[in-house]
Each structure stands twice: as C-alpha cells, then as structure tokens.
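Read-outs throughout are calculated quantities, based only on the coordinates presented, and are distinct from any laboratory measurement. Because the structure is predicted, anything quoted here is derived from the model rather than measured. Counting neighbours? That spans all protein chains shown, and the Cβs are built from the backbone with ideal geometry, glycine included.
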Amino acid sequence: MKRVVMGGTFEFLHKGHRELLKKAFELGDFVLIGITTDNFKRDCSVNFEDRKRKVEDFIKSFSKPYKIVEINDKYGPTLQEDFDIIVVSPETLQTAEEINELREKKGMKKMEIVKIPIFYGEDLLPISSRRIREGDIDGNGKRLKPLKINVGSTNPSKINAVRRVFESIFTFEIEVKGISVDSDVSPQPVNGETIKGAINRAKKALQDADYSVGIEAGLFWNEEIKEYFDKAFCAILDRYGNFTYGYSGGFTYPPKVIEMVKKGMEVGDAMEVISGIKDIKKKMGAIGYLSKGKIKREEFNAQAVLMAMIPRISHELYFL
C-alpha cells in the first residue's frame, strides 16, 4: 500500500491546493494531510477547524482512506512515520529535499518527491492565499482588482505601448502609470548598456505595482554586416521578483546619423537635426520618420513589450 504525505496551511482552498490534493489521492492508497495549527501560522486569517473542514469537504469524494493531522513545524510527521511519496508545490520543494536528507541520516528510506506546477491566475501571476486574502483574486484566480502596471518612463510612446499590449492580453481592468526614473546608463546606450537600462527602469518603477516595465532603445552592433541596428529592449518585472525579456525588430540608420552619434550626439538629437522635428523621439520616433509613417515608435516599443510577455502568456512551458 502506497502511503502519501502532504501538508499546507490551506488558508483558502484555492486551485493550487485542490490540484495538490488531487495528485496525492491519485498516487496514494492512503494519504496523510498535515494542516498547520493556528499557533504555527499566526498570520493566517482562517482558524484550523474551518480550514480542516474545507479540506475534508473537498476530498470526501476521492473514496480513499486518509488522515488529517495538526502540524506545528515544517516537517510534520515525516521524520517519524513511513511514507513512500511526498507531494509538494514548487515553494515547498526545498523542504521536501531537507526532509529526505534528515530521513536518510536517521536510517529511514527517502520518499519519492512529486512536484505539481505553479498555478496562475488570469493576471498571469501565481495563485496564493495571500493574494486571495488581499482581495486581488478569488480561489480560481479570477482577478478582482484592477491590475497595476508601472512604466519606468514618462514617454507617451512607451506608456501607450505598454497599455496597448496589456489591454490586448487581459480582459479585466488595468491601470498603467508612467514613473519618472533614471536608467543609470549613458544617454545613447549601446549593446549591453541598453539591456541594463531597461532592467534598471523596471526595478525602480515597480513600487506597489503588480508589474513594472522598463523599455530602453539602443544601438546593437552586428558584426556580420558591420552595421548598428536600433532595437527596443523590454524588461518586465512582477511583484514576485521575476523578470521576462523581449526585443523589438531592428532597423539601421542613415550613415549621417551614425556619424553624428559617433561624435557624441544622441540618436534622437541627430534625428531632430535631419528631420527638423523637435522632440521626435516622443512623437513618431526615428522609425516613424524613416519608414515614412509605416510604423511608429509606439508600435516599435509594443513589439518589445509583447515579446517580453510571451513567457508569461505560455507560463506552463517556461516556468516549470
């Protein structure tokens, strides 16, 4: 008979908890479920008996023997009893590995560790009891509050690009705000400086938002054809500290612009000279002028933002 063990606080029985329980009963002939006590988890807003009842209501249809016990530490009964499998979430994987090391030292057999994936809400952020408690989402991950996105710039083309992409992805209300921050790189970034600038903008802009977006345009040297390409690089940071990245398409500048840049002028200033348009980078941008309106800076920036969102849109393939 396979004995499975698992544990948690189960403050709100959300989708991740349900999948954890399903997996345990799928693998085991007997399941021991440890639920943290009120004393161990003092920040929990739901008392032990109510949490236990919710778990029992959910698992009663599985028709397999089980036992629910109180746990007052992160190990529970795993260092005293014999189990074959421990089912964990990504956030408790390390604890399971610690338990196996301790079991081995005590002469006990190691348990097979089965990890379920992270489950995400419709805002593409992990479902958690804390977020449910704060009213951000419900137990199924449905967004209940407007999603806050801070952009590390007050440039309208960047702010509008972010709004455009996020509105195309999410169907609920979003709030996009530009935050004035320094990129801490040179006024005309080249190659890696561009990437650093975007990351710095995202870090500084996050504050109390769900996501922050840093966009930095720069010149990237291509050794094969000996040309600089203008590309926008985007770094997206979420409230959990996770970054995703993306590039826009790239285009080359007229030789005269590159000559001016090599003499110390910023691309934007050089394009003002050539085009005669003041603050061109806050309007159509160099790409709008050079493409004769076929593509504008906002769309160029939006390409980078969308590329940076791809790992989040397909999180089940990227964040294993």
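Observations
- J(HN,Hα) series, segment 276-287, from Karplus relation 6.51 cos²θ - 1.76 cosθ + 1.60, nearest Hz, glycine and proline x: x, 9, 6, 6, 4, 5, 9, 10, 6, x, 4, 5
- Per-residue ellipticity at 222 nm from helix content only, as computed over the chain with -39500 (n - 2.57) for each DSSP H run of at least four residues, stands at -10500 deg cm²/dmol.
- Check: the chain dipole with +1 on Lys, Arg Cβ and -1 on Asp, Glu Cβ, in debye: 440
- Contact order relative to length of the chain, as percent, for alpha carbon pairs under 8 angstrom and 6 or more apart: 12
- Couplings 3J(HN,Hα) of segment 134-149, computed from phi: 7, x, 6, 9, 9, x, 9, x, 5, 6, 10, 10, x, 7, 9, 10 Hz, in residue order, whole Hz [Karplus 6.51 cos²θ - 1.76 cosθ + 1.60, θ = phi - 60°; x for Gly and Pro].
- With a Förster radius of 41 Å applied to the C-beta separation of S275 and Y318, the computed FRET efficiency comes to 0.55.
- For K60 and D184, the FRET efficiency from 1/(1 + (r/R0)^6), where r spans their Cβ atoms and R0 equals 45 Å, is about 0.20.
- For the chain, share of DSSP beta bridges that run antiparallel, in % to the nearest 5: 45
- Within segment 149-318, percent of DSSP bridges classed antiparallel, to nearest 5: 75
- Note on S168 and E101: the model spin-label points, each 7 Å out from Cα along the C-beta direction, lie 4.6 nm apart.
- Qualifying trypsin sites (Lys or Arg not before Pro) in segment 291-320, where qualification requires a DSSP coil assignment and no more than 15 other C-beta atoms within 10 Å, comprise K292, K294.
- For K278, a cut-off of 25 angstrom between C-alpha atoms picks up these lysines, skipping any fewer than 8 places away in its own chain: K158, K177, K231, K256, K262, K263, K292, K294, K296.
- Rounded to whole Å, the principal axis extents of the Cα atoms in the chain read 78, 40, 30, largest first.
- A Förster radius of 56 Å combined with the Cβ-Cβ distance from K177 to D73 puts the calculated FRET efficiency at roughly 0.85.
- Dipole-positive endmost among V162, P189, T95 within the chain (Cβ charges, Cα centre): V162
- Dipole axis of the chain (+1 Lys, Arg; -1 Asp, Glu on Cβ), positive-most option in T244, F172, S45: F172
- Working from label points 7 Å from Cα in the Cα-to-Cβ sense, the R53 to L93 distance is 3.6 nm.
- Label separation (I258 vs E223): 1.7 nm, computed from points 7 Å beyond Cα along the C-beta direction.
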